[in-house]
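The values are calculated or read from the model by the stated rules, or taken from the named source; none is laboratory data. Because the structure is a prediction, the values reported are computed rather than measured. When we count neighbours, we look across all protein chains shown, and the Cβ atoms used for this are built from the backbone with ideal geometry, even at glycine. Surface accessibility is based on the protein's heavy atoms, side chains included, excluding ligands, DNA and RNA. Shrake-Rupley method; radii C 1.70, N 1.55, O 1.52, S 1.80 Å.
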Amino acid sequence: MSTSLSGDDIFVSLEPPPLEEDPSQAIRSFRNLSQIIPQIALERGSFINVTEDSLRKEIEAQPSSHDESPPEETLKKLKQSATNLAQFEEDFNNARADLNRLISAAQNEAAISLDFVSLLISSVRPAAGTTSMSPHLKSHVPVGSLGADRTKSPPYVENMSVCLGWKTQAVSAASERLARAAERLAEEAVLEKNYWEQVEKIAVSGEVLSKMRMPDYRGMGVRYGFADAGSTYKEKGIATLRRNVDGKLVVKTEGEKRTKVLLVAIMRPLHGEYVRTGQYASKINYESRDVKNEIKQARDLLFEDELFFEIARETRILGSQGITLDFGNKVTIPLPALQIVIETIDLEDQDSDMELDKGPDSVIAEAINVALHLLLSKLHRKNLKARRSIPLPLGTRTNTTETGKSEILEPLVSSLAVPPIKDSLVTLIMDLTSALKEK
């Protein structure tokens, strides 16, 4: 290993550490020889390459911190260090003296306690007591002269006034809690009575009630859907009859609350464009907002939703006839002399345009709206009849299905499109006949 040194190398100084002003700090910063030697070996390598000449040259090359300071300052530092060291030695000796005094006092107290226990034991077991007894105690106090016995406590006498006070307080507290519970139960009974009276009114009106077992509710429910009438719609139409804090009955339908109704509009050509000349929307708003009207409104809105769902489904079947579905909520039916638009609107928009609700085309729109509702009711009756019919034997069943048949739009389109075509055909035949007769 090379012994050449460079200015960038870092080495452990071989000089003794400078004397600290506080001797306690010097003791804390002092390191053992077993810690210094591994660091020297790690930085300088093996001690074989270290010679006396190389160490002397290194010491001469390094500037000495003692040479930089003047002799007066060095002497002052040495005197201050000596004073601090003397003060430290004095404090250390005082602390050691206090520690020895405390240890002697503790030893004396322990010896006295041992003699007391030994003298007490000697009255029952002399051999065991004298074994741990000090010679001074043996020479001045006779063995077994200290004894002990159990003391009996005076009999407990109950203070009847205190007992009666506690019992009276407990009975009073129990009576107050029972009185509050009775009041709460009386209020709850009134609320329950009000709730069940409203449920009874709903049952008397002809609604179908049933028990509901849901994760968040267990109680009474009402069926406002058309599942029992043959409907195959995705929502069965079941609402829960909940009670609010005031005891009033609240109808909560499943899913989001519906607000859409069906609107039928008539559009006729004018200057090359179709203009709306009449319309009619289903009237579902009820003046009173009682529970029975809420159930009726939920039933009517569900019927409107199912009706438009069936119409939108049948537009895919009758797409070849030009019937289109726009934006998912508007169906357009083209006819020879007009167009029929079927869409859904909010309940608040029923009276938005009163002028279109009057006139001959509005009467046609109302008739079409009523016809659509009747056709859906007919579809429900057909499904219910097929559900109640006796199934055919397995060998005679056919694989034909009626899923691709239109039950609502096709009868409507046929009844509205055939008469104009029939009139045009009759007119054409009459013209041809008159022309042939003239020849």
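For the stretch 90-161, relative contact order (Cα pairs under 8 Å, six or more residues apart, normalised by length) works out to 24 percent. Label sites at LYS248 and LEU432, each approximated as a point 7 angstrom past Cα along Cα to Cβ, lie 7.1 nm apart.
Taking a 23 Å limit on the Cα-Cα distance, which of the listed pairs LYS57/LYS79; LYS193/LYS292; LYS236/LYS296; LYS201/LYS260 fall beyond it?
Working: LYS57/LYS79 32 Å; LYS193/LYS292 18 Å; LYS236/LYS296 15 Å; LYS201/LYS260 28 Å.
In this structure, LYS57/LYS79; LYS201/LYS260 lie more than 23 Å apart at Cα.
Fully extended, how many nm does the chain gain between SER46 and ASN108 (0.36 nm per residue separation, minus their Cα-Cα distance)? Mind dumping the intermediate values first?
Working: separation 62, 0.36 × 62 = 22.32 nm, distance 5.80 nm.
Taking SER46 through ASN108 to full extension adds about 16.5 nm, to one decimal.
Relative contact order, whole percent, for the stretch 297-383 stands at 18, derived from Cα pairs under 8 Å and 6 or more residues apart. Are there any trypsin sites (Lys or Arg not before Pro) in the stretch 108-178 that are in a DSSP loop and have at most 14 other Cβ atoms within 10 Å? List them by number. Answer by residue number: ARG150, LYS152.
DSSP beta bridges fully contained in the stretch 258-322 are about 100 percent antiparallel. By a 1.4 Å probe calculation restricted to protein chains, MET160 has an accessible surface near 110 Å², given to the nearest 10. Here the stretch 218-292 is assigned +1 on the Cβ of each Lys and Arg and -1 on the Cβ of each Asp and Glu. Its dipole about the Cα centre then comes out at about 240 debye.
Quickly rank 268-281, 99-112 as a protection proxy: mean count of other C-beta atoms within 10 Å, highest first. Numbers along the way, then the final one.
Values: 268-281: 14.4, 99-112: 10.4.
Put in order of decreasing packing, that is 268-281, 99-112.
Between the amide H of THR277 and those of ILE266, MET267, ARG268, distances stay under 5 Å, these residues lying 5 or more places away or on another chain, with hydrogens modeled in the peptide plane.
Accessible surface for the stretch 163-270, divided over its residues, is 67 Å² per residue with a 1.4 Å probe.
A straight line joining the Cα centroids of the stretch 207-275 and the stretch 291-330 runs 13 Å. Between SER153 and ASP290, the simple label model (points 7 Å from Cα in the Cβ direction) yields a spacing of 7.4 nm. The apolar share of the surface of the stretch 104-146, taken as the fraction of accessible area on carbon and sulfur atoms (1.4 Å probe, ligands and nucleic acids excluded), comes to 66 percent. Taking the Cβ-Cβ separation of LEU78 and GLN35 as r and a Förster radius of 30 Å, what is the calculated FRET efficiency to the nearest 0.05? After rounding, the FRET efficiency stands at 0.65. Surface composition of the stretch 212-261: carbon and sulfur atoms hold 50% of the protein heavy-atom accessible area at a 1.4 Å probe.
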